[in-house]
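The structure under discussion appears below in the form of structure tokens.
Read-outs throughout are calculated quantities, based only on the coordinates presented, and are distinct from any laboratory measurement. Small disclaimer: the values here were computed from a predicted structure and weren't measured. We place every Cβ from the backbone using ideal geometry, glycine too, and count neighbours over all the protein chains shown.
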Amino acid sequence: MNNKMMRTCILLLYITLASCSSQIEPQGPGELQEPADQIVVTVVPRTEIAQPTASEPSEREDGAHRIGIRQGESGAEFYDRGSDKIFVPRGVNYFFIVPVGAGLQDRFFGLQDFDAERVRMDFESLRSRGYNTVRIFLDTCNGGTGCIGNQDGTGLNPKYLDNIVHTMHLAQEVGLYLLLTSNDLPEQGGYWQISDRGISDQFGPYRNSHYLTKPGVEAGRQYWKDLMRGLAEREAPFSVILGWSLLNEQWFFYTEPPFSLNSGNVTAANGKAYNLSDPEEHRRLAIEGMRHYIARLRDVILTYDPEALITMGFFVPDYPNPIRQGDFRYVETAGLLEAAALDFFDFHGYPGEYAFALLAENFGLPSINSKPVILGEAGAFLDRYPSLDSAIHAIKGWIAESCEYGFDGWLYWGLYRAPEAIGDATWGFLDAEQQMMDAMSVDTLPDPCLESLRPPKNQALGKDVIASRWLAEEPPGYAVDGKPQQWGAGSDAPQWIQIDLGAPQTLTLVRLVVAQWPAGETTHQIWGRGPGQELMLLHVFQGVTEEGQLLEFVPDESLEPIQILRIVTLQSPSWVAWKEIEVFAE
């Protein structure tokens, strides 16, 4: 696969998961002064907490940014420089996905698809419910007619930049802040031609060479220089920007050099050499290389917008808890939290995939209090939450749980529902007469951190468990460990798995996460008993099930307390297995 094809495939992966212009002028890495990696934050005492509906972006007469960051009593926080109150980002991701060729693409700013009146009405609808922040991708329309890069030359498309500025003015008029994020270098405009000069036997194509080599860093700087200068020439209202996000989600390829190499030395764009025979040197290269990339791009942005807040998006790393087995994407965050030149962090995580505690541990939280952290993407997947009520309940609990780990803001994914054809579609804010948007609004939910919203404790987590049989690599304990790994019997039905809850429990919910391939007709029984009792049949699931599906049983109120719970599978088209068994009680 060539480099262009690889980038196109990765763009489609993003969409599935989630996702006056100047000419390029030669610019060596020494043209702008290298900034320090550390950010100096002024400590300001915490004052009265504001409702997150405050702060019109246009209120500061000098045009400067109204939202800043300071140190409060419990760590870093966003605050309104005008009112001196805490500012809590609450809002949504706004993408507009349309058919492009044989696929789909987010073309929010695309010349053929940008609709200023639709954007205005959507902004007004959000603002009327107290939302204050909207996250939009700058460059997912990155190739073809009407996208961000000049199709027949270098630099950026002037009319596309006009649409970005128009959107900034609409947000300012309505009273919203924008978090504008780059997804990648544009396919057009000449930027990849610069970055690809860094490809070698030591630095693989696309992302690894882009982030870790001098030509790659130069390409990123040139893109942001063209973008920021183009917006500045149009007198864009930078005060409406909550933050500039250097990347929607940053990651490297595990499967390409230098991370696929286990011998030799490489020198990265930061001028430092790394011994690839040492696994710890791989990690140091990823962290220090990304710190350098961030610092160099930050410098460009601050040249045009000196008060800007800079961030970057990340999905959850794969360690210390493995949650994406076999994934080719390598993410580091813990080593960046204090040292990277980012003003705040934008972490992404969705309920129903793994416990929030695992996500937080993999991100390296809660080990940072000098910078805010927001949950920049969180949505309820249609296949995991079949009803809108269950989706609303799940996302409320997910956000409330994030408060335990210091998250300072939340942006739902997304305003519109992504087409189900691309997979991983979530419920949208506008589904079912805007029920999700109303349920999550500031008026309905003024405090999203209420302890009463947090999910109950899983009584099965880590408890004693036995099974009819199991594979050596898929023991019974994997069904109650809160991680994506599964218990597998290694054999066809009938099979069973049994959990001892440790004490009698008045059950309120039993949730089973299906591990099954292929999809097909299944029969599962839930049996239970209290101390000294015989097992009794509590419930039967019968029907077509598939991998990742949730099966939920809500016991009758008259059910006696249960200590032993046994799940029996009588019929399945695959070997019997469960990803997770969760038990909740009064």
Task: Identified option (computed percent of Cα pairs over 45 Å apart; candidates [x] 20; [y] 23; [z] 40) - done: [x]
Open item on the list: Taking the Cα centroid of segment 155-172 and of segment 256-312, what is the distance between the two, rounded to the nearest whole Å?
Closed with: 31 Å
TODO: Starting from the amide H of SER370, placed 1.01 Å from N in the peptide plane, find each other amide H under 5 Å away whose residue is 5 or more places distant or on another chain.
DONE: ALA76
Open item on the list: Using the crude model of +1 on Lys and Arg Cβ and -1 on Asp and Glu Cβ, and no other charge, please compute the dipole size for segment 205-323 relative to its Cα centre, in debye to 20.
Closed with: 200 debye
- [ ] Give the peptides 249-256, 206-213, 114-121 in descending order of average Cβ contacts within 10 Å, highest first.
- [x] 206-213, 249-256, 114-121
Task: Proximal lysines relative to LYS272, as straight alpha-carbon distance under 26 Å, when same-chain residues fewer than 8 apart are discounted - done: LYS214, LYS225
Open item on the list: What does the C-alpha gyration tensor say about the overall shape of segment 464-585? Classify as rounded when a/c is under 1.5, otherwise prolate if a/b is larger than b/c, or oblate.
Closed with: prolate
TODO: Determine the distance separating the Cα centre of segment 405-451 from the Cα centre of segment 495-544; give it in Å without decimals.
DONE: 31 Å
Open item on the list: Using +1 at the C-beta of Lys and Arg and -1 at the C-beta of Asp and Glu, which of ILE199, LEU550, ASN163 has the Cα lying farthest in the positive direction of the dipole of the chain?
Closed with: ILE199
- [ ] Pull up all non-local amide H partners of ILE562: gap of 5 or more, or a different chain, and H-to-H distance under 5 Å with H placed in the peptide plane.
- [x] GLN505, THR506, LEU507
Open item on the list: Only four residue types carry charge here, +1 at the Cβ of Lys and Arg and -1 at the Cβ of Asp and Glu. Report the dipole size of segment 341-411 about the Cα centre in Debye, rounded to the nearest 20.
Closed with: 60 debye
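Write down the percent of antiparallel bridges among all DSSP beta bridges whose residues are both part of the chain, to the nearest 5.
Of all bridge pairs located within the chain, approximately 65 percent are antiparallel.
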- [ ] Determine which lysines satisfy two conditions relative to LYS579: a Cα distance under 24 Å, and not lying fewer than 8 residues away in the same chain.
- [x] LYS396, LYS457, LYS463, LYS483
Task: Estimated dipole of the chain in Debye, rounded to 20 [Cβ of Lys and Arg +1, of Asp and Glu -1, Cα centre] - done: 780 debye
Open item on the list: Using each residue's phi in segment 272-280, evaluate 6.51 cos²θ - 1.76 cosθ + 1.60 at θ = phi - 60° and report the 3J(HN,Hα) Karplus result to the nearest Hz, with x for Gly and Pro.
Closed with: 9, 9, 9, 8, 6, 6, 9, x, 5
Task: Under 5 Å, built H, 5+ apart or other chain: amide partners of GLY488 - done: LEU471, GLU474
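Calculate for the chain the 222 nm mean residue ellipticity that helices alone would give, adding -39,500 (n - 2.57) per DSSP H run of length 4 or more and normalising by residue count, nearest 500 deg cm²/dmol.
After summing the helix terms and dividing by the residues of the chain, the value is -7500 deg cm²/dmol.
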Task: Dipole axis of segment 309-417 (+1 Lys, Arg; -1 Asp, Glu on Cβ), positive-most option in LEU382, LEU342, SER402 - done: LEU382
